[in-house]
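First up is the structure itself, then whatever we jot down about it.
Rule-based calculations on the coordinates, nothing more; no lab input. Just so you know, these numbers come straight off a predicted model, no measurement behind them. When we count neighbours, we look across all protein chains shown, and the Cβ atoms used for this are built from the backbone with ideal geometry, even at glycine.
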Amino acid sequence: MTNWDIDTAAEVLLAAEAERRDRGPITDEWPELDLETAYRVQKRLIEKKVAAGEHVIGVKLGLTSRAKQERMGIDSPLTAVLTDGYALAADEPIPLDKLIHPRVEPEIVFVMGKRLAGPGITAATALDAVESVHAGLEVIDSRYIDFKFTLPDVVADNASSSRFVVAGKALSPRDLDLALEACVLSVNGTVVDTATGAAVQGHPAEALALAANALASRGEAIEAGQIVLTGGLTDAVFAHAGDQITAEFSNLGSVVVTAA
Ligand code: OOG
Ligand code: MG
């Protein structure tokens, strides 16, 4: 029997990631894992990645769209931390041999020009701190069997973070209406889903403001230069060997990953 505490939970999740071993929800064994404690597990997990040589490069939001919330059965958004260990280079395939059951979702991505620290951040102030906006794809790979988890479980697991890719094309957020930005998700040339930027909290800048305010409640901020993934616009699709998954946006351009 595991004697659960914050450090043990972080170690168990890191080992599951490293050894490609999915497991049952931690809350089944440690029902006292509440949301606040789960964010402390997430923080400890990131501290361990940093101690092993990774660098924090940004923040992500999860469960910001209805499509994602309905699929995962959780109606509350969350935040997680991005390190350079999750970044895929432009032509780098999804390494299926290192992952458990990866799924891919299209996201609108911000690169911050200024530090953004809550509380009291509105979508307008949030957008003022953005340097550029990009198309992105996130690869999620829950360490829980069948992506079945409660909110504290998924927060502790750094929101299923696994890999992400950000398109090189950069636009100023002032040059387009991100609520109307359209996204078409295709697998091997077949359209599987569509959405607009309004899918995430009505506007991706609302998601950014939400992140800044949520982080402030835990004494943290979004730093200048950091990347922010605003959350899957559509449900995520499973990545199988040989798949080519593409998100085409109306103004932000296209971003593609292959699974190898
Ligand atoms: C949780 C991760 C959520 C998003 O964009 O909503 C997320 C999951 O779906 O496993 O990254
Ligand atoms: Mg995501």
Among VAL228, VAL184, VAL154: highest mean-square fluctuation, GNM of the chain, C-alpha pairs under 10 Å:
VAL184
Considering only GLN42, GLN201, GLN244, give the residue with the highest GNM mean-square fluctuation for the chain, with springs between Cα atoms whenever their separation is below 10 Å.
GLN244
Which lysines, on any chain, are close to LYS169 with Cα under 30 Å apart, when same-chain ones fewer than 8 places away are left out?
LYS49, LYS60, LYS68, LYS98, LYS114
Any chance you could tell me what percent of the C-alpha pair distances in region 109-167 go past 14 Å?
66
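How would you rank THR83, THR122, going from fewest to most other Cβ atoms within 10 Å of each one's own Cβ? It would help to have the intermediate numbers written out before the result.
Numbers: THR83 18, THR122 13.
Least to most surrounded, the residues fall as THR122, THR83.
How would you classify region 1-89 from its alpha-carbon gyration tensor, with a ≥ b ≥ c the square roots of the eigenvalues: rounded for a/c under 1.5, else prolate if a/b is greater than b/c, otherwise oblate?
On the way: a/c = 1.61, a/b = 1.01, b/c = 1.60.
Here region 1-89 falls in the oblate category.
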Most fluctuating residue given options ALA52, ALA38, ALA124, as computed from a GNM of the chain linking Cα atoms under 10 Å
ALA52
Search the structure for amide H atoms under 5 Å from the amide H of VAL192, placed 1.01 Å from N in the peptide plane, and list their residues when 5 or more places away or on another chain.
LEU185, SER186, VAL187
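For the chain, what relative contact order do you get, as a whole percent, if you take Cα pairs closer than 8 Å and at least 6 residues apart? Numbers along the way, then the final one.
Values: 603 pairs, mean separation 72.1, N = 260.
Dividing the mean separation by the residue count of the chain yields 28 percent.
So what are the chain's ellipsoid semi-axes, whole angstrom, largest first, if each one is the square root of 5 times an eigenvalue of the alpha-carbon gyration tensor?
Details: eigenvalues 143, 98, 52 Å².
Equivalent ellipsoid semi-axes, largest first: 27, 22, 16 Å.
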Evaluate E = 1/(1 + (r/R0)^6) for ASP177 and VAL50, where r is the Cβ-Cβ distance and R0 equals 51 Å; express this FRET efficiency to the nearest 0.05.
0.85
Between ALA170 and THR190, how high is the FRET efficiency from 1/(1 + (r/R0)^6) when r is the Cβ-Cβ distance and R₀ = 25 Å? Nearest 0.05.
0.30
Which whole-Hz couplings ³J(HN,Hα) result when phi for each residue of region 232-245 is put into the Karplus expression 6.51 cos²θ - 1.76 cosθ + 1.60, θ = phi - 60°, listed in order with x for Gly and Pro?
x, 7, 10, 4, 7, 10, 5, 9, 10, 3, x, 5, 10, 10
Extending each Cα 7 Å along its Cβ direction at ASP75 and GLU131, get the distance between those two points in nm, one decimal.
3.9
If you project the alpha carbons of region 163-244 onto their three principal axes, what span does each projection cover, largest first, in Å?
42, 28, 23
Over its alpha-carbon atoms, region 48-193 yields an Rg and a Dmax in Å of 15.9, 44
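Mind checking the full-extension length gain between ASP7 and THR122? Use 0.36 nm per residue of separation minus the Cα-Cα distance, one decimal, nm.
Numbers: separation 115, 0.36 × 115 = 41.40 nm, distance 3.47 nm.
Contour length minus the Cα-Cα distance gives 37.9 nm.
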Quick check: the distance between the Cα centres of region 192-260 and region 124-152, to the nearest angstrom?
5
For the chain, what is the mean residue ellipticity at 222 nm derived from helices alone (per DSSP H run of n ≥ 4: -39500 (n - 2.57); sum divided by total residues; nearest 500 deg cm²/dmol)?
-7500 deg cm²/dmol
